[in-house]
Amino acid sequence: PPRSTLFPYTTLFRSSMTKLLLDLKASFESKKGKTSSEILEFYATIPNLCLDDFGAEKLNDWSYSVIFSILDRRYGNMLHTIITSNSPLSELIPCVGERIASRVAGMCVMIKMDGKDYRFM
């Protein structure tokens, strides 16, 4: 997408890691559209990426590899990444593993948000 002078960076908000993984899986079945390599490259290099509800999905070996690859490249290239989760990092370790949690800790500033879930109000 073209960049504007007011907001010079492209930002992608992904409402869940599940959506990212489904995009990737769909590329395996489709002869049209983006390849899995192009999709991985996109997520790994977009200037600003927001991953919402991180750690909610169950990871298998393939999904762990995908998420690790994306976050490791973003960490290495110092790209802006916003990660939201309902769990503190210590509770994410069993869900995403130590290597992914380590990269999240190294690339993010932790901000604890207290308050009620607005969906239950």
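Every number in this text was worked out from the coordinates using simple rules, so none of it is lab data. Not measured: the values here are computed from a predicted model. All Cβ positions, glycine included, derive from the backbone under ideal geometry; neighbour counts span all protein chains shown.
What the table below lists for this structure:
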| quantity | calculated |
| --- | --- |
| Eligible aspartates and glutamates near residue 34 by straight Cα distance, threshold 14 Å, same-chain separation 8 or greater | 23 |
| Centroid-to-centroid separation of segment 73-115 and segment 17-42 [C-alpha atoms, Å] | 23 |
| Under 13 Å, Cβ to Cβ, from residue 64 - net charge with Lys/Arg +1 and Asp/Glu -1 | -1 |
| Cut-off 14 Å between beta-carbons: net charge of the residues surrounding residue 94, Lys and Arg +1, Asp and Glu -1 | -1 |
| DSSP-assigned coil residues among trypsin sites (Lys or Arg not before Pro) in segment 1-92, each with at most 11 further Cβ atoms within 10 Å | 3, 31, 32, 58 |
| Kirkwood Rh, Cα atoms: Rg over Rh of the chain | 0.98 |
| Listed residue (95, 71, 121) projecting farthest to the positive dipole end of the chain, Cβ model | 71 |
| Cβ-defined net charge surrounding residue 22, 15 Å radius [Lys, Arg +1; Asp, Glu -1] | 0 |
| Compactness relative to 2.2 N^0.38 Å, alpha carbon Rg of segment 29-80 | 1.22 |
| Greater than 32 Å apart at Cα, pairs in 19/112; 25/116; 19/116; 58/112; 32/116 | 25/116; 32/116 |
| Fully extended contour minus Cα-Cα distance, from residue 73 to residue 61, at 0.36 nm per residue | 2.5 nm |
